[in-house]
1. Provide a single number: the residues in region 176-198 that are among the charged types (D, E, K, R), more than 18 Å from Arg110 (Cβ to Cβ) and out of contact with any helix residue (DSSP H, G or I) (no Cβ under 6 Å at 6 or more places or on another chain).
2. Go over the candidates Ser197, Ser219 one by one and state the one that is surrounded by fewer than 21 Cβ atoms within 10 Å (Cβ to Cβ) and under 17 Å from Ala237 (Cα atoms).
3. For residues in region 39-63 being under 15 Å from Glu19 (Cα atoms) and of a type outside the set (S, T, N, Q), which is surrounded by the fewest Cβ atoms within 10 Å (Cβ to Cβ)?
4. Just one of Ala237, Ala257, Ala151, Ala176 is modelled with pLDDT of 95 or more, closer than 19 Å to Ile135 by Cβ and of a type outside the set (Lys, Arg); which is it?
5. Go through region 179-194 and report how many residues are among the β-branched types (Val, Ile, Thr), surrounded by fewer than 18 Cβ atoms within 10 Å (Cβ to Cβ) and modelled with pLDDT of 95 or more.
6. Return only the number of the condition from (1) under 23 Å from Gln150 (Cβ atoms); (2) surrounded by 15 or more Cβ atoms within 10 Å (Cβ to Cβ) that Leu20 does not satisfy.
Amino acid sequence: MVDWFKTAVEELAGEFMAELPALGLPSKGLRDPEGGPFGPVGSRWWSLLVIGQGERRLSKSLRAWSPKNWERFLLQAADVSVQMAAKFSTLNRFGHAGTPSLTISAYRDRPPEARQWLRLDATYAVGTLGETAPIADEVPEAWRKFLVTQAERLPAASGFLADDTSGAGNRTPLEAGRGTFATDTLPLSDSELRGYSWVTVTSAGVLERLGGVEAVRTSGAFASVIELPWGGAVLQATPRLSEYEGDAVRRVFEALAPVLPADAPWPDAFNRFKLIYEAPRQ
C-alpha cells in the first residue's frame, strides 16, 4: 500500500503540504499528558498513525510528520495488519486537530473472516455541516480522477465518491441508512452493491448482473461509464458533484435496483444522505 499513500498525498493533500515546514513538525504536543497545543492556531498539522497486530495485543504508534517519520511510515505500509492513517488537519482555537482536514487510511477489520479485505479510504472534511460554503467543482473533479486511477490499478470489490457521508463514518450512506457495516456487505460484493453515490465503483460480478457496460450506458442514468481492466466499472452519475441531487439520485437508484439490497433504508431525521427511501424494484 506504499503507492496508495504516496499517490494520495501527492494528489489530494496539496493545500496542506504547501504550508508544512520542510524539516517536519514538533512532536511535543503529542507527548503532553495535559493535552497542550500541537502548534499555532490555524497552522497545518500532519500526524501518522500505525496500529499493528502483535502476538497478544495491538500496538499503536502516533507520530508528528517529519521526512524521517514519513519514510518509516511508508516502510510499514508494505504490510497493513490493522490500520494506518496519514491525518492532515488545520489546528483549531485549542491548537488541536480541526477542519479543514484530510485523512488517508488503509484498514483491515479484525474478525478473522474479514481480514481478506483491505479498505482504502480518503476523507476530506471542510467544516461544520450546514455552515460551510459549497465545495468548488474542481475539488471533486480532482478526487474523481484520483479514484478512477486507483480503480484501474487495484481490483476493487466496491468503491464510491460522495459528499453525503457525514454521520456514516467509514460506511456508505446506504449502509448507514440500513444499519449495516462493511463486514456485512463486503462478502456479498460480487453480486450486490454496498451503496450508490455520485461515483460508484462496481465489481465485475455486479456489472455482469446489470447486463454489462453497454446496458448500463444505455440506461441513461450515468454521465460516464468507464470499464475497468479487471472487469468492474466506474459509474459517474452527473458531470459535476453539485448536480447530483433529486432526479439524478433517483435515476441512479432505479438503474442499480437489481444489484441493491432488497430492503429500504430507514429515513434519516437529519436528511444527511442522498438516498431513495424505498425498497428497490428487483
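1. Let us first name the residues in region 176-198 that are among the charged types (D, E, K, R), namely 178, 184, 190, 192, 194.
This time we only want the ones that are more than 18 Å from Arg110 (Cβ to Cβ), so: 178, 190, 192, 194.
With out of contact with any helix residue (DSSP H, G or I) (no Cβ under 6 Å at 6 or more places or on another chain) added as a condition, the list becomes 178.
Residues meeting the conditions: 1.
2. Working: Ser197 fails: surrounded by fewer than 21 Cβ atoms within 10 Å (Cβ to Cβ).
Criteria check complete, one pass: Ser219.
3. Of the residues in region 39-63, the ones under 15 Å from Glu19 (Cα atoms) are 39-47.
Narrowing further to those that are of a type outside the set (S, T, N, Q): 39-42, 44-46.
Details: Gly39: 17, Pro40: 8, Val41: 13, Gly42: 12, Arg44: 21, Trp45: 23, Trp46: 23.
The selected residue is Pro40.
4. Values: Ala257 fails: closer than 19 Å to Ile135 by Cβ; Ala151 fails: closer than 19 Å to Ile135 by Cβ; Ala176 fails: closer than 19 Å to Ile135 by Cβ.
Testing whether each residue is modelled with pLDDT of 95 or more, closer than 19 Å to Ile135 by Cβ and of a type outside the set (Lys, Arg) leaves just Ala237.
5. Filtering region 179-194 for residues among the β-branched types (Val, Ile, Thr) gives 180, 183, 185.
Still in the running and surrounded by fewer than 18 Cβ atoms within 10 Å (Cβ to Cβ): 183.
Next cut, modelled with pLDDT of 95 or more only: none.
Residues in region 179-194 being among the β-branched types (Val, Ile, Thr), surrounded by fewer than 18 Cβ atoms within 10 Å (Cβ to Cβ) and modelled with pLDDT of 95 or more: 0 in total.
6. Only one criterion in (1) under 23 Å from Gln150 (Cβ atoms); (2) surrounded by 15 or more Cβ atoms within 10 Å (Cβ to Cβ) is unmet by Leu20, namely (1).
This table checks each residue for (1) out of contact with any Leu (no Cβ under 6 Å at 6 or more places or on another chain); (2) assigned to a loop (DSSP other than H, G, I, E, B); (3) at negative phi.
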site: Phe146; (1), (2), (3): yes, no, yes
site: Asn170; (1), (2), (3): yes, yes, yes
site: Ala176; (1), (2), (3): yes, no, yes
site: Ser191; (1), (2), (3): yes, yes, yes
site: Val201; (1), (2), (3): yes, no, yes
site: Gly220; (1), (2), (3): yes, yes, no
site: Thr238; (1), (2), (3): yes, yes, yes
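The values are calculated or read from the model by the stated rules, or taken from the named source; none is laboratory data. Nothing here was measured: the structure is a model prediction, and the numbers come from that model. Virtual Cβ from ideal backbone geometry, glycine too; neighbours counted across all protein chains shown.
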